[in-house]
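Everything below concerns the one structure shown next.
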Amino acid sequence: MILTVIGCAGSFPNAQSPASCYLLEQDGVRILLDLGNGALGALQQHIELDWPDALAAVVLSHCHVDHCVDLASLYVQRRYAPAPPAQRLLVLGPSEADRRLAAIYGTDPATIGADLDIQSIAGVTQVGPFTIEAVRANHPVEAYSVRVSAGGRSLTYSGDTGPTDALAALATDTDVALFEASFVGTGNPEHLHLSGADAGRIAARAGAQRLLLTHLVAWNDDAVVLAEARMAFTGPVELAWAGMTLTV
């Protein structure tokens, strides 16, 4: 399974990276985890959107702008392309995803639904070679953490979440823990985001093989985020960067 980081900026795009978006590929099948603002343009450096079966699915962890808004632009591309795709694109997301995306575009869910097959992310879904398992995250809106398995390997994506036992359980023995690290230090809100130290502790508790820190916020010092994570997790720890590709 190949991971390409399309965007890893937290809360909003920065000069180096779009907001959250991660491309996974296995056996020629491609899915996205999130499609935040700025990501659709950068995605086209890696795939052609008019390829047949360019994407098998988009998985939305939640419907905050920095994780979902470019799906409205992808809808436009699919709806108005000279040769529109023959099949609707599967979108796995929170229960309000169809309404939120329709509101972003200024239409109704039925119109969006003509091109996007929006289904619940909850539970376990099979998409080609990918097994996608989602559990509720600790965030102010309906949000999910996601584990994707394929070819005997797994990646666990925290989405946006405060510390939670559910994430540690979901990430048990995962090969790559793709965890957000939006906070530094202590005394942070408990139901919003992880710090680098939180991410490290949860990855260690889960027995993850590798920790990749993402959702990096512009006003933090990334070196501090990385150092805090390394104090809590003794395995390999890296900062994500836009365009980064690795084998899970």
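The values are calculated or read from the model by the stated rules, or taken from the named source; none is laboratory data. Note that the structure is predicted; figures quoted are calculated from it, not measured. With ideal geometry, Cβ positions are generated from the backbone for all residues, glycine too; neighbour counts draw on all protein chains shown. Side chains are part of the model used for accessible areas, which takes the heavy atoms of the whole protein and leaves out ligands, DNA and RNA. Shrake-Rupley method; radii C 1.70, N 1.55, O 1.52, S 1.80 Å.
What helices (runs of 4 or more DSSP H) completely inside the stretch 97-207 contain at least 1 residues that are among the β-branched types (V, I, T) and closer than 22 Å to V69 by Cα?
Output list reads 97-105, 109-113.
Given the conditions (1) touching an Asp or Glu at 6+ places or on another chain (Cβ under 7 Å); (2) closer than 27 Å to L246 by Cα, and given that R88 satisfies all but one, which numbered condition is not satisfied?
(2)
Can you pull out every residue in the stretch 105-158 that is under 18 Å from C21 (Cα atoms) and open to solvent by 50 Å² or more (accessible area, probe 1.4 Å)?
E133
I need every pair where a residue in the stretch 73-84 that is part of a helix (DSSP H, G or I) has its Cβ under 8 Å from the Cβ of a residue that is open to solvent by 50 Å² or more (accessible area, probe 1.4 Å) and not small (G, A, S), sequence separation at least 6 or different chains.
Taking only residues 6 or more apart or on different chains, the pairs are Y75/Y105; V76/Y105; R78/P84; R78/P85.
Specify which of the listed residues (T234, T245) is open to solvent by 10 Å² or more (accessible area, probe 1.4 Å), among the polar types (S, T, N, Q) and under 18 Å from the mean Cα position of the chain (by Cα).
T245
So which residues in the stretch 18-71 are open to solvent by 30 Å² or more (accessible area, probe 1.4 Å), in contact (Cβ under 8 Å) with a residue 60 or more places away in the chain and touching a helix residue (DSSP H, G or I) at 6+ places or on another chain (Cβ under 7 Å)?
Listed by number, the list is empty, since nothing qualifies.
For the stretch 210-224, what are the residues that are in contact (Cβ under 8 Å) with a residue 24 or more places away in the chain, more than 20 Å from the chain's Cα centre (by Cα) and either buried (at least 23 other Cβ atoms within 10 Å of the Cβ) or not in a loop (DSSP other than H, G, I, E, B) (or both)?
Correct list: V224 only.
If only one of A229, A171, A206 is touching a helix residue (DSSP H, G or I) at 6+ places or on another chain (Cβ under 7 Å), in contact (Cβ under 8 Å) with a residue 40 or more places away in the chain, of a type in the set (A, V, I, L, M, F, W, C) and over 24 Å from N14 (Cα atoms), which one is it?
A206
Could you tell me which numbered condition V148 fails, if it satisfies all but one of (1) over 19 Å from the mean Cα position of the chain (by Cα); (2) modelled with pLDDT of 95 or more?
Of everything listed in (1) over 19 Å from the mean Cα position of the chain (by Cα); (2) modelled with pLDDT of 95 or more, V148 misses just condition (1).
Taking A227, is it closer than 22 Å to G151 by Cα and surrounded by fewer than 24 Cβ atoms within 10 Å (Cβ to Cβ)?
Judged against the criteria, A227 is not a match.
If you take the residues in the stretch 85-96 that are in a strand (DSSP E or B) and of a type outside the set (V, I, T), which one is most open to solvent (accessible area, probe 1.4 Å)?
Only one residue fits best here, namely L90.
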